[in-house]
Amino acid sequence: MVELVPVNASWGRVLRTTVGLRPHRPGGFVVRAEKLDARTVVHDYGHGGAGHSLGWGTGALAADLAVAHDGRHAAVLGCGTVGLTAARQLQRRGFDVTIYTEAMPPHTTSNKAWAGYTPSSGLIAVGRRNPAWDAQFREAAEIGYRELQRMAGTNRGVSWVDSYGMLNDLREPREGRGESTRPRDPLMPAHLLTPPEMLGPGEHPFPSTYAARAPMLRIEPSRYLDGLTRDVIAFGGRITLRKFETLRDLMTLDESLIVNCTALGSRELFGDTELVPLKGQLTHLAPQADVNYSTMGGLPGSQNGLGIHMMPRSDGIALGGTSERGIWDTTPDEDARQRIVTGHIELFNAMARPRTGSAAAV
Ligand SMILES: Cc1cc2nc3c(=O)[nH]c(=O)nc-3n(C[C@H](O)[C@H](O)[C@H](O)COP(=O)(O)OP(=O)(O)OC[C@H]3O[C@@H](n4cnc5c(N)ncnc54)[C@H](O)[C@@H]3O)c2cc1C
């Protein structure tokens, strides 16, 4: 029997609500090089809901393209998870890197992420795949998985948690009932996700007949991005605050190699009108040291429970479950906040309490 301490979910423990705009492209992320007058621009943007999962990987692909360029001085545009990991991959290949950015952590979208290893989340539209993109995706997912695993347990804000999804009937449609209980994502190389273990009645504390348990990589954005920023600087990198309004602004840079990691900023700067925001909202509860598992979905049968998810971190418990296409407004949506918090209160109130003082998974 798995025993877990329920999240102490209540309105009184709400700390704040944050909103981030995922940089979605129906055609998937862009990693490619192009010439801009005498300069080379390597693009690395459009990661949807998967930037933390894929950043190391697309950064490696972008840095490999950059190696073909003569110079070894690189300007990286953008200081979110994608810009920082691209900068590190360039440094590993011997580049001298300066990051130019309008905003840096904690003021990036990357700080507003739920941030599990979810490499295919909000990434590409149905029917838009092609073999070349698929190959890039697989390589990026693989590299990302390996790099994040290497960081787990090093106090860098990456660690493993067990993730639980709930369901009442093993035959019921599983969409929206949690990542770990969904049918396998056809985009994902099979070996990158551990198959969920199905716990039956009496084997788990959740208010459902079955619980699907699978290990998941957790990224804690504030610690992780802080660590990456320090690494970039420790390896000789510089960070300059600067917004680029037009391509002409780029011509004032000393570097002849530019790596573009501006996410949604590429819409204006590079005219990529395919980019569209997927608005996502998180409500954070006060931290709870004895909660070290994640949940996908809410109380089976409850409308509030559809598509919600919980991730515990050292700086709070993140509750999420929204994705609104094409919405640029970063004001928190009160209806969504009510649904997500109420859904989690319902779930954790209905969970069995541990029989002993300290919970343990057996
Ligand atoms: C609610 C939510 C949940 C999420 N959950 C997950 C998850 O579980 N797993 C996961 O992998 N991902 C998740 N994501 C997605 C992830 O946060 C994004 O994919 C990621 O942040 C994209 O990183 P980025 O560095 O490309 O963009 P950003 O963090 O937005 O960084 C872009 C950078 O470019 C700079 N910039 C932009 N335009 C210009 C300009 N014109 N001039 C200068 N600088 C410019 C910005 O200032 C910023 O520094 C989630 C996102 C949200 C909102």
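The values are calculated or read from the model by the stated rules, or taken from the named source; none is laboratory data. None of the values given here were measured: they were computed from a predicted structure. Neighbour counts are summed over all protein chains in view; Cβ atoms, including those assigned to glycine, are modelled from backbone coordinates with ideal geometry.
Entry remark, region 38-71: residues being outside any loop (DSSP other than H, G, I, E, B), closer than 18 Å to residue 250 by Cα and either modelled with pLDDT under 95 or charged (D, E, K, R) (or both) number 2 in total. The single condition from (1) more than 13 Å from the ligand (Cβ to nearest atom); (2) in contact (Cβ under 8 Å) with a residue 12 or more places away in the chain; (3) surrounded by fewer than 21 Cβ atoms within 10 Å (Cβ to Cβ) that residue 191 fails is (2). When residue 35 is tested against the conditions (1) more than 22 Å from residue 220 (Cα to Cα); (2) in a helix (DSSP H, G or I), the lone failure is (2). Just one of (1) more than 30 Å from residue 126 (Cα to Cα); (2) in contact with a Phe, Trp or Tyr (Cβ under 7 Å, 6 or more places away or on another chain); (3) of a type in the set (S, T, N, Q); (4) within 16 Å of the ligand (Cβ to nearest atom) fails for residue 58. It is (1). Restricting attention to region 228-251, report how many residues are touching a strand residue (DSSP E or B) at 6+ places or on another chain (Cβ under 9 Å), buried (at least 17 other Cβ atoms within 10 Å of the Cβ) and not in a loop (DSSP other than H, G, I, E, B). Here the count works out to 4. Of all residues in region 113-125, none are free of Cβ contacts under 8 Å to residues at least 24 places away in the same chain and surrounded by fewer than 18 Cβ atoms within 10 Å (Cβ to Cβ). Exactly one residue among 138, 150, 156, 128 is basic (Lys, Arg), over 20 Å from the mean Cα position of the chain (by Cα) and at pLDDT 85 or above, and that residue is 128.
Among the numbered conditions (1) part of a loop (DSSP other than H, G, I, E, B); (2) free of Cβ contacts under 8 Å to residues at least 24 places away in the same chain, the only one that residue 327 does not meet is (2). Checked against the criterion of being in contact with a Phe, Trp or Tyr (Cβ under 7 Å, 6 or more places away or on another chain) and outside any strand (DSSP E or B), the candidates 263, 289 yield just one match: 263. Scanning region 74-99 for residues being in contact with a Gly (Cβ under 8 Å, 6 or more places away or on another chain) and within 14 Å of the ligand (Cβ to nearest atom) gives a total of 14. The residues listed here are 82, 5, 42; of these, the one that is farther than 24 Å from residue 104 by Cα and of a type in the set (Val, Ile, Thr) is 5.
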